[in-house]
Each structure stands twice: as structure tokens, then as C-alpha cells.
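Reading through the C-alpha cells given below for one structure.
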Amino acid sequence: MNSKALSAGELAELTAGLNRLSKNIWWTWNQEAQDIFYDLSNRGWRNLYHNAAAILREVSDYELRARLQDPHLADKVRKVLRNFDAYLNCSDTWGKENAPELQENPVAYFSAEFGFHETLPIAAGGLGILAGDHTKSASDLGLGFCGISLFYRQGYFQQAITPDNWQSEYYTVLNPRNLPMEQVLNDKGEPFVGVVEIADVDVYFQAWKVNVGRCPVFLLDADREENEQHYRDLTLRVYGGDSTTRIMQEILLGIGGVRLLRGLGIEPSVFHMNEGHAAFLTLELAREKISEGIDFNDALSRVKAQCVFTTHTPVEAGHDRFSKDLMGYSLSQHLKSLNVSLDELMQWGRVHVEDEHELFCQTVLALKVSRSANGVSELHGQVSRQMWSSLFPNCSEDEVPIGHVTNGIHLEGWMKGTVRKWWNRKLGEDWAREINTKGFWGKLKDSEFVSDEELWALRYLLRRELIEFARRCLLLQGRRLTQGNFIAYDRLLDPDTLTIGFARRFATYKRAPLVFQQFEKIVKLAKDRLRPVQFIFAGKSHPRDDEGKKFIQHIIHLSKHSELEGHLVFLENYDVHVARMMISGCDVWLNNPRRPLEASGTSGQKISCHGGLNLSILDGWWREGYDGTNGFAIGEDEHSDSIEEQDRVDSENLFKVLSEEVLPLFYARDKLGVPRQWIQKIRNAMSTLTPEYNTWRMVQEYTKKYYLK
Ligand SMILES: *Cc1c(COP(=O)(O)O)cnc(C)c1O
């Protein structure tokens, strides 16, 4: 350690370095970098919601320079900046070796939402989180890759619960200056301004660049003075407004996105449409070909060579569909400039091209103009082939050209600080490199490497951290206590009790309240003196989904006014931070979607490296991940066609597994109080699931299967 005072030059270098660091979300998956911001202001860290850029604005230059005279802090900063620069400049990456052609001509990944971190809430759910994790791993792998989306200045809504337990929504305004992003400039150094024709006007847009390690993600922003308020608000909220707003957002995303890339001199070798929202990008690519002297239909057919498409859901409402009127109105200028009639264009979005009543479906367009398409798990691939088989009349169902790549998660990003530090102590400095190798997780089978006792201690620590977090949340939520049945916040939930978590979007097919269908029996389990169980729920319902809101209302009601009080809590305002606390602290992660509607699901993948176990319907990724030893399955690899029958059978099976397998195993303790067989399951889960269901594997698979020609 160097105890000499820092020179003005060194100080300037370190402060500039810290600013650069705060503007790249690499710091969110680097624990030492995160610790620096925490150390700068413990309280700011919490109050500013873990926002590094905001903390640097909170701490004055005077303070920063004074603080950096602490040799311990200065050394930490130097070291992190060294690692950061080594990361950014690394020359021997997987991407350079395995996909050199993408370095010059990257993948352009279009997605209506991206979830990176709690400070930039521009994702509505799993689709956006997946896009964020995809980008983080593309960066780690050194792949030529950039993302395109919109900058929603009010982001996705914040959830508050009214006294009658109804979800209400409010919005906060995001300030780009406090976010890990910078304005995109043109070659003259001025803000880049692009234009997209929407309906009968020209809509101007600017753009922001989020730095995700080595990969830029560009966010288009229509909030410019030139635009009427109505159009400025196109980029107000994630999936906000009606279908007119939606189609206009998608025109901006697709057509504007391609124009931005061209304006910046980026020539992607492949355009990846993450869900149909981005499908209008193909119209712009077609335009580029029309100028080569061919007609629209010909041009759009040739776009196929440039595009790949991922479909994410078999749920009907998940596929954008637009009426002919709306298409004609919103795209009127494009119809003229592309020299195509509305009737002809409509045919590209229809399964039965001549059917005048069929709406324009973005998924259909995307499937028709992509060189490859895929679902996000094996079963979802199969379901998608079935779903879209009439688009491919010359194929049998098995031959429908839709494959699959099973989703994953960005492991380091999701790993809680506690666990990162745990590995740091166990493995030393280079642990992060280790945990991304396949072989590493195999070692978890070996009790010489990690003892049962150590794993059990970690589980206790993580469960406690979650429970203390939950108590704090509930206090802030101002949870009204029922009269005469006072439970102090610091006694809510029990750190010794088997803790089951359920958190995700409250879409009805995910059936959040399913476990409470056997209400009396569940109460009995929860209140068992020797082997109790408790539940933590969280999740948002789409603002217009009243059925989802009823689910929320029902669960909160049970948590306050039923015999489950104290054994069930609902945490408001589910987001990436709440997710991180829950996936790390829960012993069991419950997922009970109506099969086969959970195309993949990813939240259950986040728990394995924390020692959690999945309890899930064999749908999506879990159908592939479950091997009989690494968690729990609800029911079999099959489902009834009747929804009522399915709900009944699944709730019975859920109760059965919970009471006959999960609880007995968790509470089967030896003399030291350690549940040996439970821990064996944790070892099996860590060693089989963690190396497979992550975005390192996933991005490599996309690259080999789809990105490279
Ligand atoms: C992982 C994650 C999701 C996806 O959860 P599923 O169970 O796959 O639906 C949604 N929201 C947040 C905040 C997440 O972190």
C-alpha cells in the first residue's frame, strides 16, 4: 500500500476513472467496483437505489478528492480501474476467436425492452431481463454485438397497493444524467438526430447509449422539441397506451433503429428480432434494396438473408396484431415511399394472405422474413412449430423451420454480493473466471470442496438477508396490522422456516394463487409447529389486466386477513432488486404456469447458484433441467387440454409434492441440525443447472446456430 499523498494528476485520473466506471453497467456485475460506490456513501447507496452515477453526483469533487487520499480506497479504485480497462481491452475473447466476422459487422439485437439493473427500469418482465442478460454475456464473450431499444423516460410503472389491496400505478421520471448512459453524437460531435415518418408527420428522435461492458445498447428517444407532445410521448412508457401508441413505438424502434445504425456507420451482419415488436425493421431493410432497383415484394423477400427471429410466447395476447386501418394510417408515408399497396403489405402479416379479416401479425411478418426462427425451450419450439404450421403448407409439423435455444441468465449479474464474496473467499481472486467454466460446477458434488455445513451456513445467511429485507419492505409499505393480532415487523416471517418464493409478472396463466386452492391444508402446513412453511410473493400485473390485479388482491388479502397472516407476505413493486433478494434467499422457488404457456421462464434459473431448489410444473426450461435429483417436479411431462382439469390436477399435485417430498426432506436433520439429503439436492442442482442455464451457453448457441452464416 502506498501511503504517499496523491498528486493532483493522480487524483484527476482516479476521479475521471470513477466517472467512466459509473457510466458502464459492468460495475453491476463486478463486486469490487460495487463496493467502492457503497463505501463512498452507505446511505446514498440505499437511498439512491444502488445508482453509481447518482452517488458520484451526491459526493462533491472536494469530498471525492479528500476521500481518495485514503490509500486504502485509492488502491481499491486503482485495482478496479485496472480490471475494468483489462476487461474492455481484452484481445483474446471467445468472440474474437469463434466469430471474428462479427467484430466488424456485429449482431444488431432489437428488443422493445431491456432489463439491466434496478436503476434503469425499462423492462416489463422476463423478455427484457433476458435481453439484458443476453447483452451482458455477449460483452463477456467479446462478441460483436449491439442492442437497439427505446428510452422510455418514465420507464415501466411502479406498483403501489391501495388500502383495498388493489394495484395502482405511478411513474417516476428517469434522468439520463444519473444513468449509465450518454447521448449519442454525430460525427460533428453534436447530438444525433434522426427522423422517422409516422402517420402523416415526421417524427424526430435522438438517442442514448447504454454501455454494457463492451457492448453498446442504443435507446431511441422521441422527446424532442420538434415533435408535437403526442409524438414526444411515444417513448414515455414501456408498452404504454393503446394499439396506436404501440404500432407507432414499433415503427420508431424498427425503422428508426436501422436508420440510427446506418447514421452511426454500423453495418450489422445480422439483425436479431427479439420478439415481433421489432419486425418493422425489415421494411427499412427492404427500402435499402428497393433503391437498388427491385420492387418491394422482391426486396422484402431478400431481407431474409439478414434477419433472425426469436419468438417468446404461445400466449395469443403476446403477439402484436394490428388492424388494416391502423396499418394504413400509421404507415401511410411508407406505403408511398416503398411503392407498395396496403393490401400487399397486409399479406406479409397474414397466415392466410387472402383473408381480408385477418389482422396484421408482427410474428407472421417476422417468420416470413427471417432466415431462421426459434423458440426459447424445447417444448416451446415444438409448440411454436404447431402454432405456425399453416404458414408452411409444404412442411410436416416437425419440419416447420422453427428451432429452439433454451433461455439462460447472466450468472455473475444475478449472483448476490454475499455469494460473490463467499466464492471470493473460497476460490480467491479469479473465482469469476472459474464459475463460468463448465467443469467448475461439477466440483460441487464433492464435500471436500465445499462441506454440507458450509452450504447450510450460506443458506441460513441468505434466508436471513431476505427476511430482514422483507421486514424492511413491509414496514415501508406501511402494512396495516389486523387489530388484536399484532405481529411486530421484526417478528414477521421466521428465519428457521422453509421459505417458498413466487415472483414474476402476474399474468393469469402463471396462476399465482394456485397453491392456495387447497387453502385449509396449506394453513395446516404453514402452522405446523415442527415443520412449518412460509411464502413470499411479489409481482406486477399489467396496468390493464384486472384479472391479474385480482390475483394480487387475493394474495394480499390472505396475507393480512386469514390464518396465513405471518406466514405469507407480498412485497410491493417487484423489480430487479426485489428479484435478486428473493431468488437468493428462498429455499424453494415455486413456478406453476398453465402448461405449455411458460415458453421458458428464467427466474428459477437464478436460484441454483444460491442454493435454492425449484418446485415447478414441467414446462419451459424446467422440463429440460429437471433430472429427478436436482429439485422437484409438479406433475408429469404432460397436460390436459381442459383448463379446469389442469388447474385441479396441478393444485393437487403441488400440494402432494410439497407435503410429501419438500417438507420432509427440508426438515430431515441430523444431530448437527443439517439436512443432508436436502443439501445433496442443492449440490445436484448447482452442478447440473448452473453451468447449463446461463447466457454464456445461450449466446454461444445463438452464435453458432444462427448468427454465423
Ligand atoms: C427473472 C425475472 C423475470 C422473469 O421471471 P419468470 O419467472 O421467467 O417469468 C421477471 N421479472 C424480473 C424482475 C426478473 O428478474
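The values are calculated or read from the model by the stated rules, or taken from the named source; none is laboratory data. If you're wondering where the values come from, they're calculated on a predicted model, not measured in any experiment. Glycine also receives a Cβ, built like all others from the backbone with ideal geometry; neighbour counts cover every protein chain displayed. Remember, those area values only see protein heavy atoms, side chains included, never the ligands or the DNA or RNA. Shrake-Rupley method; radii C 1.70, N 1.55, O 1.52, S 1.80 Å.
Of note:
- FRET efficiency, S642 to S390 (Cβ-Cβ, R0 22 Å, nearest 0.05): 0.35
- On the basis of the beta-carbon distance and an R0 of 25 Å, S337 and D242 show a calculated FRET efficiency of 0.45.
- A simple charge model with +1 on the Cβ of Lys and Arg, -1 on the Cβ of Asp and Glu and nothing else charged puts the dipole of the range 8-89 at about 180 debye relative to its Cα centre.
- Rounded, prolate or oblate (a/c below 1.5 giving rounded, otherwise prolate when a/b exceeds b/c) for the chain by Cα gyration tensor: oblate
- Rounded, prolate or oblate (a/c below 1.5 giving rounded, otherwise prolate when a/b exceeds b/c) for the range 276-354 by Cα gyration tensor: oblate
- Between K426 and E356, the modelled label-to-label distance comes to 6.7 nm, taking each label 7 Å out from Cα in the direction of the beta carbon.
- Within the chain, percent of DSSP bridges classed antiparallel, to nearest 5: 35
- Between K704 and D528, the contour length at 0.36 nm per residue exceeds the Cα-Cα span by 58.2 nm.
- Relative contact order for the chain, counting Cα pairs under 8 Å that sit 6 or more residues apart, in percent: 12
- Heavy-atom SASA rank of W422, W622 (probe 1.4 Å, accessible area, largest first): W422, W622
- Across the range 194-218, the residues whose backbone nitrogen lies under 17 Å from the label position 7 Å along the beta-carbon direction of L185 are 194, 206-211.
- Summing Cβ point charges (Lys, Arg +1; Asp, Glu -1) relative to the Cα centre of the chain gives a dipole of roughly 2340 debye.
- 12 Å beta-carbon shell around D637, net charge (K/R +1, D/E -1): -3
- When a 1.4 Å probe is rolled over the protein heavy atoms, the share of accessible surface on the chain that falls to carbon and sulfur comes to 48 percent.
- Amide proton proximity set for H410, modelled H, under 5 Å, gap of 5+: T695
- Protection proxy ranking of 594-602, 77-85 - average other beta-carbon atoms within 10 Å, highest first: 594-602, 77-85
- Gyration tensor (alpha-carbon) shape descriptor, the range 8-89, a/c threshold 1.5: oblate
- Extension gain, L672 back to E454 (0.36 nm per residue minus Cα-Cα distance, nm): 77.2 nm
- Positive end of the dipole of the chain (Cβ unit charges, origin at the Cα centre): among S396, V523, V107, the Cα lying farthest that way belongs to V523.
- Accessible surface of E397 - all protein chains present, 1.4 Å probe, nearest 10 Å²: 90
- Links that overshoot a 25 Å alpha carbon limit, given the list K510/K656; K23/K705; K23/K136: K23/K705
- Under-5 Å amide H pairs with R350, H placed in peptide plane, nonlocal only: C361
- Selection from G142, G17, A123 lying farthest towards where the dipole of the range 1-149 points positive, charges on Cβ: G17
- Table column - 3J(HN,Hα) (Hz), the range 143-153, Karplus curve with 6.51, -1.76, 1.60, x for Gly and Pro: 7, x, 7, 9, x, 9, 7, 10, 8, 7, 6
- Annotation: amide H-H contacts under 5 Å for N573 (H modelled 1.01 Å from N, sequence separation of 5 or more, or interchain): Q159, G539.
- Over the chain: helical MRE at 222 nm, DSSP H runs n ≥ 4 each giving -39500 (n - 2.57), nearest 500: -12000 deg cm²/dmol
- Relative contact order [Cα under 8 Å, 6+ residues apart], the range 8-89, whole percent: 36
- Where the chain is the region considered: accessible area per residue in Å², 1.4 Å probe: 39
- Accessible area, probe 1.4 Å, largest first, for residues K709, K289: K709, K289
- C307 sits among other residues whose Cβ lies under 14 Å from its own Cβ, and their net charge, with Lys and Arg +1 and Asp and Glu -1, is +3.
- Projecting the Cα atoms of A74, N42, W29 onto the dipole axis of the range 8-89, where Lys and Arg carry +1 and Asp and Glu carry -1 at the beta carbon, places W29 farthest toward the positive end.
- Formal net charge of residues neighbouring R594 (Cβ-Cβ distance under 9 Å; K, R +1; D, E -1): -1
- Cβ-derived FRET efficiency at R0 35 Å, W94 paired with V173, nearest 0.05: 0.35
- Ranked from largest to smallest solvent-accessible area, with a 1.4 Å probe on the protein heavy atoms, R302, R511 come out as R302, R511.
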